[in-house]
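Remarks on the structure that follows.
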Amino acid sequence: MISRIPIFISALLCLFSCSTLKKEKKQKPNIIYIMSDDHTTQAFGIYNSRLAKLNPTPTLDKIANEGMIFENCFVNNSICTPSRAAILSGQNSQANGVLDLEGSLPKERQYLPIEMKKLGYQTAMVGKWHLKEEPNFDYYNVFTKHGQQGSYFDPYLTESGMNFTEAKDPAYEGKMYKGHSSDIVTDISIDWLKNKRDHSKPFILFHQFKAPHDDFEFAPRYKDYLADVEIPEPASLYDNGNNGSVATRGKDGVLLSIVGSSVSKRNAIRHMGMKIWSDTYIKRNNPDFDYHQADELEGDAYTHATYQEYLKRYLRCVKGVDDNVARLIAFLKENDLYENTIIVYTGDQGFMLGEHDYIDKRWMYEESMRMPFFVRYPRKIKAGTRTDAIINNTDFAPTLIEMAGGKAPKQMQGHSFKYILETGEEPKGWQQSTYYRYWMHMAHAHANPAHFGIRTKNYKLIFYYGKYWVDTDKPNADWNKKSWGNRFTLHTPSAWEFYDLTKDPKEMNNAYTDPSYKQIIADLKLQLIEKRKELNEEDGEKYPHIQTIIDAHWND
């Protein structure tokens, strides 16, 4: 009998071990998708930009280096609402119906949370939403005041269980939370993880900051951060070379004072100094600063002073994001969640930090179009890896669904890059280009001409179709006249831009008229036609007034 005891114990241990392995195999990964607003690749250490030596993102860099960093992740429309719609739907603008800031994404088209629920996941959305309709998540607590943009301090949020439809009423505000928005979003996420989620289910949490969106209102504790540091400046802030075209500059430069909000006083309608040297802004951000002297500066001296103040405020907001991500990571580690949680970090688009003397986003230029993107999941993704595979924000949803064990629905236009994450290699037939479309012609004071284009690993081709209103028999044609073109909108010239990114990564030389690129440009135009057809981005049926312009200038 005694001799049989070890055999019995061994059998029990084996049974326990097999049961544990089986359980581990069935255990699905949790997912935390962290997204900031306008956090551009220049403001990281991992992308080796001119700002990297300032070490603006130590926490985020550490997470990134424990997983895979994407060098070529791009937004398909560099503006908040369309980008968020593309991420949740896995579709481009004409497919999901969200072309501009007035767009909304109905619950039935929020395909990512719908599919995750089918896979047994508990879904949560915290922070900036900006898609108007009620979030289709099991739990949400999102900004609802100021057009769902939210405020940096003492923001109003609406929590699931409240009547979200009332958010359409301008008088409706939700509940006020005291403090800075970056801290509050993190507090709410941690509280949900700790006290409100169903611990028997895997979860996907969308943790979405307002920062570092303009107006760059940082928490008071960062007031002295970078105070005595000289921030490196882009050369194109002062000399833009041959960047742009008649579409962005106008004939003989007549559009320079109108198109593209600036750091310098170039743009007479909207430049950064108008905001950061204002009484209201100074009182909120740096009441001890003597701004009157700076406001009276001219030329390069003014541009330098404005840039330094602009970047310091922006990076102080970034610092708040990085520190709050550190809080979130600490919670995951303390509660044994870190190793089985896929951590994704991105911005909703890029942002111009003075390059070409531009602020804001909207442009198809690299700093605006490129998104930071990295994923950490040690069980499947090798640490310290990077890839130059081209992905865009419509690819996020199919990838997360596949990593959770599902398959993307047919209506999604994006493609899963799970294989790239797990192998570090592009699968056969992987996309070699990405499409971009900015619709909001000369909208707001930023005044960017409408344009679309294609970006490969080596080249970029942009078409500005400019002139918007065409008198037809249908003056009430179906397009958003408020945000992208009406009878009173400025007509800007149509033009092409082409950049050889292998020789000109800063996009300082529009080489469209260089005869040595004639065949390359012709091939890119063919690719662009096919890409627009594939994505249902053609304009003939829905927007014939635009298609007329495209046809007239395609061979210019």
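The values are calculated or read from the model by the stated rules, or taken from the named source; none is laboratory data. Just so it is clear, the structure is predicted and the values come from calculations on it, not from any experiment. Neighbour counts are summed over all protein chains in view; Cβ atoms, including those assigned to glycine, are modelled from backbone coordinates with ideal geometry.
Quick notes on this structure:
- The stretch 180-197: number of residues that are in contact (Cβ under 8 Å) with a residue 24 or more places away in the chain and surrounded by fewer than 13 Cβ atoms within 10 Å (Cβ to Cβ): 1
- For beta carbons closer than 6 Å, sequence separation of 6+ or different chains, a first residue in the stretch 221-240 that is farther than 20 Å from Asp183 by Cβ and not assigned by TED's automatic domain parsing to the domain that holds Cys317 and a second that is of a type in the set (A, V, I, L, M, F, W, C) and surrounded by 12 or more Cβ atoms within 10 Å (Cβ to Cβ), the qualifying pairs are Ile231/Leu311.
Residue-wise test of (1) without any contact (Cβ under 8 Å) to a residue 24 or more places away in the chain; (2) outside the structural domain of Asn92 (by TED's automatic domain parsing); (3) surrounded by 16 or more Cβ atoms within 10 Å (Cβ to Cβ).
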{"position": "Lys518", "(1), (2), (3)": "yes, yes, no"}
{"position": "Gln527", "(1), (2), (3)": "no, yes, yes"}
{"position": "Lys531", "(1), (2), (3)": "no, yes, yes"}
{"position": "Asn536", "(1), (2), (3)": "no, yes, no"}
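- Residues (more than 24 Å from the chain's Cα centre (by Cα) and not hydrophobic (A, V, I, L, M, F, W, C)) located in the stretch 274-283: Ser278, Asp279, Thr280, Tyr281, Lys283
- Hey, Ala445 within 20 Å of Asn536 (Cα to Cα) and at pLDDT below 95 or not: no
- Of the residues examined, Thr59 is one that is outside any loop (DSSP other than H, G, I, E, B), over 20 Å from Asn136 (Cα atoms) and either touching a Pro at 6+ places or on another chain (Cβ under 9 Å) or assigned by TED's automatic domain parsing to the domain that holds Gly350 (or both).
- The requirement of being buried (at least 20 other Cβ atoms within 10 Å of the Cβ), without any contact (Cβ under 8 Å) to a residue 40 or more places away in the chain and outside the structural domain of Ala450 (by TED's automatic domain parsing) is satisfied by Val98.
- When Phe203, Phe209 are screened for being surrounded by 18 or more Cβ atoms within 10 Å (Cβ to Cβ), touching a residue at least 40 places away in the same chain (Cβ under 8 Å) and either touching a Gly at 6+ places or on another chain (Cβ under 7 Å) or more than 30 Å from Asn30 (Cα to Cα) (or both), only Phe209 passes.
- Within the set Leu131, Leu157, the sole residue that is buried (at least 22 other Cβ atoms within 10 Å of the Cβ), aliphatic (A, V, I, L, M) and outside any strand (DSSP E or B) turns out to be Leu131.
- Yes/no for Lys506 being modelled with pLDDT of 95 or more, out of contact with any Leu (no Cβ under 8 Å at 6 or more places or on another chain), surrounded by 13 or more Cβ atoms within 10 Å (Cβ to Cβ) and in the same structural domain as Ser494 (by TED's automatic domain parsing): yes
- Residues in the stretch 84-99 that are farther than 18 Å from Phe137 by Cβ, part of a helix (DSSP H, G or I) and touching a helix residue (DSSP H, G or I) at 6+ places or on another chain (Cβ under 6 Å): 1 in all.
- Residues that are under 23 Å from the mean Cα position of the chain (by Cα) and not aromatic (Phe, Trp, Tyr) within the stretch 410-423 comprise Gln411, Met412, Gln413, Gly414, His415, Ser416, Lys418, Ile420, Leu421, listed in sequence order.
- Within the stretch 311-341, the residues that satisfy the criterion of being free of Cβ contacts under 8 Å to residues at least 12 places away in the same chain and not in a helix (DSSP H, G or I) are Asp336, Tyr338.
- Within the stretch 448-458, the set of residues being over 23 Å from Gln91 (Cα atoms) and either of a type in the set (Val, Ile, Thr) or surrounded by fewer than 21 Cβ atoms within 10 Å (Cβ to Cβ) (or both) comprises Asn458 only.
- Failed condition for Leu256, given (1) under 20 Å from Gln42 (Cα atoms); (2) without any contact (Cβ under 8 Å) to a residue 12 or more places away in the chain: (1)
- Whichever residue in the stretch 354-367 is charged (D, E, K, R) and in a helix (DSSP H, G or I) and, among such residues, is nearest to the chain's Cα centre (by Cα): Glu367
- Total residues in the stretch 39-79 satisfying the condition of being under 20 Å from Ser182 (Cα atoms) and either in contact with a Leu (Cβ under 7 Å, 6 or more places away or on another chain) or at pLDDT below 95 (or both): the figure is 4.
- Only one entry in Ile188, Ile204 is more than 15 Å from Ser36 (Cα to Cα), in contact with a helix residue (DSSP H, G or I) (Cβ under 6 Å, 6 or more places away or on another chain) and either at pLDDT 95 or above or part of a loop (DSSP other than H, G, I, E, B) (or both), namely Ile204.
- Among the candidates Leu226, Leu256, the residue that is within 30 Å of Ala495 (Cα to Cα), out of contact with any His (no Cβ under 7 Å at 6 or more places or on another chain) and surrounded by fewer than 21 Cβ atoms within 10 Å (Cβ to Cβ) is uniquely Leu256.
- Per the listing Tyr358, Tyr338, Tyr345, the residue uniquely among the hydroxyl-bearing types (Ser, Thr, Tyr), touching a Phe, Trp or Tyr at 6+ places or on another chain (Cβ under 7 Å) and either more than 30 Å from Pro234 (Cβ to Cβ) or crowded, with 24+ Cβ neighbours inside 10 Å (or both) is Tyr345.
- Selected residue (criterion: modelled with the lowest pLDDT) from residues of the stretch 274-309 that are surrounded by 11 or more Cβ atoms within 10 Å (Cβ to Cβ), of a type in the set (S, T, N, Q) and part of a helix (DSSP H, G or I): Asn285
- When restricted to residues that are within 25 Å of the chain's Cα centre (by Cα), part of a strand (DSSP E or B) and modelled with pLDDT of 95 or more, the stretch 224-273 contains 1.
Each row is one residue, and each column tells you yes or no for (1) assigned to a loop (DSSP other than H, G, I, E, B); (2) within 25 Å of the chain's Cα centre (by Cα).
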| residue | (1), (2) |
| --- | --- |
| Ser516 | no, no |
| Ile521 | no, no |
| Lys533 | no, yes |
| Glu537 | yes, yes |
